[in-house]
Amino acid sequence: MSIAILDYGSQYTQLIARRVRELRVYCELFPWDAPGQDVLAIAPQGLILSGGPASVYENSAPFLPPYILESKLPLMGICYGMQLLVQELGGKVALSNQREYGLSEITASTGNPILPPGTHQVWMSHGDWVETLPSGFTSLAASSSCPIAAIGDSKRRIYGLQFHPEVQHTPGGLGMLQRFVVDICGAPADWTPQSIIQSAVKKIRQQAGRQNVLAAVSGGVDSSVAAALVHKALGAQLSAVFVDNGLLRQGERDQVEAALHARLGPELHVVDARQTFLSALHNINDPEQKRSIIGETFIRVFEAQAKKLGKPRFLVQGTIYPDVVESRAPERAQAQRIKTHHNVGGLPEHMDFELIEPLRYLFKDEVRAVGEALGLPEELVWRQPFPGPGLAVRCLGSVTEQRLTKLRAADSIFRQELIAAGLLNRHLHNGQGIAQAFAVLLPVRSVGVMGDQRTYQEAIALRAVTSQDFMTADWARLPQELLASAANRIVNEVAGVNRVVYDITSKPPATIEWE
Ligand code: XMP
């Protein structure tokens with residue numbers, strides 16, 4: 001009971017899946033050339049063909065695998081997907097005489113099952129268009145520059161949209177997807193946090209049987225929700241390990257411990273490895289070296305703990321759906337290594353465990369909804385991302401207990417000020433509000449004057465960014481009074497800091513973290 005989405009390479013394909021899930025309908029993404037049996041194995045009630053960058057009439061263009069029409073399932077093609085259907089069914093697609101990128105207004109024909117009558121604002125992005133319709137099809141909408149903007153053959157239940165219903169710039173898009181997915185395909189709208197939990201619990205029990213399972217929890221939302229789900233399924237068969245690497249923020253260990261303990265009880269094992277990490281980082285200033293040392297140390301500490309617990313056969317990983325989809329298309333990943341991100345402060349990909357990945361088919365917002373439904377506290381479910389190497393990459397230069405203490409104090413003041421101003425809460429997540437805010441301790445000293453005394457001390461940089469996906473980010477235009485108050489408090493309350501600066505670079509060209 002689901003919808004299958006075939007990916008023809010559009011930058012919006014994941015968004016189609018997100019939107020269908022917003023309708024509470026389960027769907028999965030497949031590469032366009034995935035074997036038909038894999039796609040049909042999820043028992044789809046309809047298929048959506050995504051957009052894509054190619055032209056359907058090019059020689060090596062991605063095509064329509066035969067099983068799609070043979071399945072007789074309802075189909076919806078979006079942009080490239082629509083053109084593919086048209087070409088395959090005997091219509092004609094050609095280079096349009098007016099390329100269209102951006103907002104456009106279409107007028108829908110009356111009495112069609114996808115578009116309500118009247119005009120709609122839509123997002124177009126195409127160079128080709130449909131010139132001749134295949135037999136059985138009628139045009140469902142037109143714009144001034146695109147006479148065939150939507151098509152349908154109600155008998156065969158095949159539809160096409162030249163524009164993108166999945167993007168925000170098509171305000172009625174969700175309704176159009178709903179008409180296809182729910183009304184035409186008849187897919188049940190039963191993908192709720194409760195049903196996700198139920199099916200995850202069942203699957204975990206099937207996979208693990210009576211065997212013991214190990215989880216590494218970081219206090220981040222993914223690993224916490226994954227562990228909580230496994231705990232719900234297996235209870236005391238789970239051991240969850242939280243490593244205190246000494247690179248956490250003020251009060252973080254207590255907060256994470258309390259939140260997870262409430263859920264996991266005695267199955268939570270907190271390992272105090274602060275000294276091990278600090279000694280390993282002694283005299284290390286280079287960012288990549290810090291990352292690799294922290295990564296290796298984590299694995300050593302974790303393995304020692306696993307041994308103590310009798311080396312369970314299964315390991316829980318908080319892999320989420322975008323990770324799965326993106327790892328299928330390596331050409332889309334950033335080619336150059338800017339920073340070693342993945343698995344730093346996490347586990348290597350190949351360990352001698354079988355993996356349990358209860359979040360493998362969930363988007364981030366679904367992980368949060370499941371976390372809330374499982375009763376995890378709000379500050380955990382809505383926690384901002386925190387890098388695996390922790391404060392080590394915000395403590396520029398050498399990482400010592402003394403410098404970490406300074407950094408923690410400054411960071412905590414900055415966050416307190418943001419909270420007091422109402423700028424760090426869950427409703428401001430998801431692109432509109434501050435995506436991440438923190439302090440960085442700089443290894444430079446500057447001269448100041450405090451109570452007639454000359455000072456020569458280190459500086460703190462404050463960083464706050466807005467971002468949708470953390471691939472790009474802009475610096476947050478924080479109120480000046482807030483910055484003034486945070487700077488004032490930091491210089492007065494944190495010994496050894498006499499200057500505060502605010503970082504006003506976007507990403508790119510800077511990155512969010514300083515190291
Ligand atoms: P940058 O600094 O590259 O960071 O703009 C983008 C996002 O990734 C987080 N980040 C990390 N996360 N391990 C992680 O798990 C890391 O080593 C790491 N480095 C950066 C960063 O906080 C931001 O959200």
Report the Stokes-Einstein translational diffusion coefficient (µm² s⁻¹, integer) for the stretch 199-295, Rh taken as the Kirkwood radius over Cα pairs, at 37 °C with viscosity 0.692 mPa s.
223
For the stretch 224-253 and the stretch 162-184, what is the separation of their Cα centres, given in Å?
39
Per-residue Cβ neighbour rank within 10 angstrom, fewest leading, R489, R383:
R489, R383
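I want the antiparallel fraction of DSSP beta bridges within the stretch 2-184, as a percent rounded to 5.
Here the antiparallel bridges make up roughly 60 percent for the stretch 2-184.
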Considering the stretch 256-407, what Rg and Dmax in Å follow from its alpha-carbon atoms?
17.1, 45
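Using helices alone, what [θ] at 222 nm do you get for the chain, with -39,500 (n - 2.57) per DSSP H run of 4 or more residues, divided over all residues and rounded to the nearest 500?
Helix-only estimate at 222 nm: -9500 deg cm²/dmol.
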Going by how many other beta carbons lie within 10 Å of each one, how would you line up Y456, Y80, fewest first?
Y456, Y80
Can you pull the one-decimal nm distance between simple spin-label points at E296 and N212, each 7 Å off the Cα toward Cβ?
2.9
Computed ³J(HN,Hα) along the stretch 248-253: with the Karplus parameters 6.51/-1.76/1.60, θ = phi - 60°, integer Hz and x for glycine or proline, the list is 8, 7, 3, x, 5, 4
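Would you please calculate the Kirkwood hydrodynamic radius of the stretch 2-184 over all C-alpha pairs and express it in Å, rounded to one decimal? Spell out each step's value before the answer.
Values: mean 1/r = 0.0628 Å⁻¹.
Result for the stretch 2-184, one decimal place: 15.9 Å.
Which value, in nm² and rounded to one decimal, describes the direction-averaged projected area of the C-alpha convex hull of the stretch 394-502?
Computing the convex hull of the Cα atoms and averaging its projections yields 7.3 nm².
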So if R0 is 51 Å, what FRET efficiency would R328 and Q416 give, r being the distance between their Cβ atoms, rounded to the nearest 0.05?
0.75
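Can you give me the relative contact order of the stretch 394-502 as a percent, contacts being Cα pairs under 8 Å and 6 or more apart?
Across the stretch 394-502, relative contact order equals 28 percent.
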Taking the stretch 462-512, how much of its Cα-Cα pair set, in percent, is spaced more than 13 angstrom apart?
60
Rough spin-label spacing in nm, given labels placed 7 Å along Cα→Cβ, for S195 and V271
4.0
Overall Cα dimensions of the stretch 152-198 - principal axes, largest extent first, Å:
37, 30, 11
With both partners inside the chain, how many of the DSSP beta bridges are antiparallel, as a percent to the nearest 5?
50
The pairs in K290/K339; K311/K364; K203/K232; K202/K232; K290/K507 lying past 19 Å Cα-Cα in this model are K311/K364; K290/K507
If you take the Cα atoms of the stretch 86-234, find Rg, then find the Kirkwood Rh from the mean of 1/r over all pairs, what is Rg/Rh?
1.20
Starting from the amide H of L268, placed 1.01 Å from N in the peptide plane, find each other amide H under 5 Å away whose residue is 5 or more places distant or on another chain.
A240
If the only charges are +1 at each Lys and Arg Cβ and -1 at each Asp and Glu Cβ, what is the size of the charge dipole of the chain around the Cα centre, to the nearest 20 debye?
820
Cα Rg, Dmax, the stretch 246-289, angstrom units:
13.8, 39
If Rh is defined by the Kirkwood formula over all Cα pairs and Rg also comes from Cα, what ratio Rg/Rh do you get for the chain?
1.03
Looking at the stretch 394-502 only, what percent of DSSP beta bridges run antiparallel? Nearest 5 please.
70
Given R₀ = 35 Å, what would the calculated FRET efficiency be for L174 paired with A258, taking r from the Cβ atoms and rounding to 0.05?
0.35
Below 8 Å between Cα atoms, with a sequence gap of 6+, how large is the relative contact order for the chain in percent?
10
Check which residues have an amide H placed less than 5 Å from A141's amide H, if you skip close sequence neighbours.
S109, A149, A150
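Read the figures in this text as sums done on the coordinates, not as results from a lab. This one's a predicted model, so the numbers in the text were calculated from it and none came from an experiment. Backbone-built Cβ (ideal geometry, glycine too); neighbour counts: all protein chains shown.
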